[in-house]
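Note sheet for the following structure.
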Amino acid sequence: MTSTPTALNIGLIGYGFMGAAHSHAWRTAHRFFDLPAAPVLHTIAGRTESAVADAAERYGFASHTTRWQDLIEDPGIDVVDICTPGDTHHEIALAALAAGKHVLCEKPLANSVAESEEMAAAAADAADRGVRSLCGFSYRRTPALAYARQLIAEGFVGEIRQVRAQYLQDWLSDADAPMTWRLDKDKAGSGALGDIGAHVIDLTQWLTGTPIQQVSGTLETVVPTRPAAGTAQGLGGKGDTTGERQQVTVDDTALFSARFPGGVLGAFEATRMAQGRKNAMRVEINGAKGSIAFDFERMNELEIYDATVPAGRQGFTRVLATEPEHPYAAAWWPTGHGLGYEHTFTHEIADLVRAIGEGTDPSPSFAEALHVQRVLAAVEASDADGSRWTPVDPQTPTTEETTA
Ligand code: SOE
């Protein structure tokens with residue numbers, strides 16, 4: 001780092017899982033990447049005084065407030081980082097952009113296409129005033145996936161033929177795992193579809209460089225009611241519960257097919273019911289010359305298949321994405337030492353700080369995140385239509401069954 005970077009004062013809203021991950025990234029990014037500014041953890045906002053005071057202490061913020069509006073009104077805040085449930089993204093982002101604050105907004109962008117359209121328009125207008133905005137599809141900044149995108153862009157797989165993507169978790173497999181905001185449509189917008197399906201929608205569009213144009217999908221709520229939460233619940237649904245059961249108003253599982261340009265078909269699955277799969281976000285791109293395959297549960301590895309080598313030598317190769325040639329890897333440890341989930345947020349925030357310093361617009365933009373929202377809405381519309389299901393005639397009983 002040549003010159004002492006200027007300070008970039010951060011106002012963060014929300015102190016749950018994403019608040020913790022983003023705070024770690026704000027503390028770390030300029031210590032591992034040469035950035036034009038050093039983030040300062042200025043103020044954290046949250047609804048409950050005791051909880052947000054505790055978060056300020058634990059995450060390292062200089063001050064805290066129970067009014068997110070304080071961050072907007074404070075001329076000393078340069079960046080507003082939105083780490084709250086989706087029902088609050090629209091209001092906060094519009095206010096922050098209007099106030100000239102750079103904005104990092106967690107995914108999905110909002111809970112509806114209409115809200116996302118307004119946010120994308122406001123972000124485009126703010127960009128003309130030098131205000132930068134980014135939507136937090138952090139998995140793009142996994143070194144193995146960023147390298148996969150380079151390989152695809154260089155033609156390694158050749159003409160893309162098929163896309164396959166799954167995001168499998170199992171934290172709701174227990175029917176008595178308590179209610180959380182992620183199971184309330186008013187708060188979260190949708191369930192597995194928008195929370196984790198959004199990631200693989202963004203990722204496959206980004207990896208292939210093409211947008212999803214059509215979908216046919218089905219949503220299912222496998223467990224329709226859950227015990228009311230007694231205290232603040234973690235992602236894993238841990239914590240005490242009250243006796244009553246509340247209605248789950250979102251999907252537990254989403255399955256959909258997608259059409260990309262040029263007749264490329266994609267198969268998508270997002271579920272919180274895949275017992276044993278903790279955070280298995282998987283992508284496979286098949287092309288005329290080869291394939292790439294990735295599983296976030298082995299996030300430092302990328303599998304590549306080169307169909308152009310002699311048949312006797314063909315097979316999936318396991319690339320350990322920790323070489324200096326792999327995006328972001330050189331900033332960290334010697335080869336083979338590996339990175340974790342939190343590093344994707346540090347890379348995301350390093351790129352945002354760099355864009356702010358250079359006066360460029362980072363990706364994924366709110367406009368890119370709007371297209372993800374449009375895909376989510378199309379899957380919900382397809383499910384509501386329900387006309388894709390064709391009944392299968394009941395199996396003709398075999399002779400022994402009829403005589404039993
Ligand atoms: C819950 O499914 C969740 O926390 C998502 O909301 C995050 O976006 C993902 O990175 C991990 O899982």
What single numbered condition from (1) over 17 Å from the mean Cα position of the chain (by Cα); (2) crowded, with 18+ Cβ neighbours inside 10 Å; (3) of a type in the set (A, V, I, L, M, F, W, C) fails to hold for Ala175?
-> (2)
Restricted to segment 302-338 and to residues being under 15 Å from Phe32 (Cα atoms) and among the aliphatic types (A, V, I, L, M), the residue nearest to the chain's Cα centre (by Cα) is Ala329
Residues located in segment 80-115, provided they are acidic (Asp, Glu), within 15 Å of the ligand (Cβ to nearest atom) and surrounded by fewer than 24 Cβ atoms within 10 Å (Cβ to Cβ) = Asp87, Glu106
How many residues are open to solvent by less than 20 Å² (accessible area, probe 1.4 Å) and within 16 Å of the ligand (Cβ to nearest atom) when one looks only at segment 272-294?
-> 5
Residue ranges of strands (runs of 3 or more DSSP E) in segment 207-320 with at least 2 members of a type in the set (Ser, Thr, Tyr) and under 26 Å from Leu172 (Cβ atoms) | 214-220, 241-247, 253-259
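Inspect segment 339-353 for any residue being more than 21 Å from Pro39 (Cα to Cα) and either surrounded by 20 or more Cβ atoms within 10 Å (Cβ to Cβ) or at pLDDT 95 or above (or both) and give the result as yes or no. Outline the logic, then answer.
Filtering segment 339-353 for residues more than 21 Å from Pro39 (Cα to Cα) gives 339-340.
Adding the requirement that they be either surrounded by 20 or more Cβ atoms within 10 Å (Cβ to Cβ) or at pLDDT 95 or above (or both) leaves 339-340.
Yes, segment 339-353 has at least one match.
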Which residue pairs have Cβ atoms closer than 8 Å, lie 6 or more positions apart in sequence or on different chains, and pair a first residue in segment 241-259 that is under 19 Å from Thr180 (Cα atoms) with a second residue that is part of a loop (DSSP other than H, G, I, E, B) and among the charged types (D, E, K, R)?
-> Thr241/Asp176; Thr249/Asp184; Val250/Asp184; Asp252/Arg272; Thr253/Arg272
Of the candidates Glu297, Glu269, the one satisfying the condition of being surrounded by fewer than 17 Cβ atoms within 10 Å (Cβ to Cβ), within 16 Å of the ligand (Cβ to nearest atom) and either among the charged types (D, E, K, R) or over 18 Å from the mean Cα position of the chain (by Cα) (or both) is Glu297
All-but-one check, Ile196 against (1) of a type outside the set (Asp, Glu); (2) touching a helix residue (DSSP H, G or I) at 6+ places or on another chain (Cβ under 9 Å); (3) within 15 Å of the ligand (Cβ to nearest atom), failing number (2)
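The values are calculated or read from the model by the stated rules, or taken from the named source; none is laboratory data. Please read these numbers as outputs of a predicted model, since none were measured by experiment. Because the Cβ atoms are built from the backbone with ideal geometry, glycine has one as well, and the counts that use them run over all protein chains shown. Each accessible area value is taken on the protein alone, full model and side chains, heavy atoms only, with ligands, DNA and RNA left out. Shrake-Rupley method; radii C 1.70, N 1.55, O 1.52, S 1.80 Å.
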